[in-house]
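Worksheet: one structure, shown below.
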Amino acid sequence: MKLAAIVLLLATGAAGHSDEPVDRITDALVRGLSASGPARVATRRHAAAILNGEGARAMPGGENIAASWNGRQPPYRTRVLGPAYRAVTLAPGGALHLEQTFLAGQRAQIVAAAVGRGAIELTVDEGEGRRSCPTQNRRARCDWIPTATTRISIDLYNRAAAADRFVIILR
């Protein structure tokens with residue numbers, strides 16, 4: 001089984017998160033999207049600097065959050081380079097479906113987080129059955145090394161009774 005080789009790593013650290021690039025990207029997106037009050041602009045610009053520093057780009061068709069927080073649009077690119085992110089608002093019981101190709105022998109990471117108090121579920125499927133990713137502190141994470149280059153089906157679900165904003169990062 002391809003997904004049997006998945007190594008599910010729960011993040012560690014004081015806040016329950018590791019200091020890997022995918023976690024820094026997730027934290028920056030959540031902080032920026034939940035920023036309010038007088039520090040909102042500065043918080044979002046700092047978050048955009050982190051996203052740019054990590055090489056994170058919006059997924060095709062997704063909002064380029066880093067550029068909007070900086071007040072400018074980056075040059076057009078024909079493909080996503082480096083980690084890719086997307087922010088989405090999901091209704092109660094709503095879902096986001098994505099497909100992504102991951103390369104054999106190269107570490108694959110998918111992290112999703114609720115910006116508010118949403119209940120999150122993240123599942124992946126390599127064609128041999130859907131698997132849930134571990135969830136901790138409104139954050140779900142799958143981390144593995146694919147045994148074959150293949151297209152992965154990814155579903156993010158809002159399991160809360162209210163709409164919420166979510167971010168998902170693919171690396």
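The values are calculated or read from the model by the stated rules, or taken from the named source; none is laboratory data. Because the structure is predicted, anything quoted here is derived from the model rather than measured. Cβ atoms come from the backbone with ideal geometry, glycine included; neighbour counts cover every protein chain shown. Keep in mind that these areas ignore ligands, DNA and RNA; they rest on the heavy atoms of the full protein, side chains included. Shrake-Rupley method; radii C 1.70, N 1.55, O 1.52, S 1.80 Å.
From most to least packed by mean Cβ count within 10 Å, the peptides 131-139, 96-104 give 131-139, 96-104.
Classify the range 21-166 from the C-alpha gyration tensor, please: rounded if a/c falls under 1.5, else prolate or oblate depending on whether a/b exceeds b/c.
Details: a/c = 1.98, a/b = 1.26, b/c = 1.57.
Oblate, because a/c is 1.5 or more while a/b does not exceed b/c.
Between Thr89 and Arg40, the modelled labels are 1.4 nm apart [label points 7 Å from Cα along Cα→Cβ].
These residues, Glu54, Glu126, Glu63, go from largest to smallest accessible area, 1.4 Å probe, as Glu63, Glu54, Glu126.
With all protein chains in place and ligands, DNA and RNA left out, the 1.4 Å accessible area ranks Ile145, Ile154 as Ile145, Ile154, largest first. Sorting Tyr85, Tyr157 by accessible area puts them as Tyr157, Tyr85; the probe is 1.4 Å, largest comes first, and only protein heavy atoms count.
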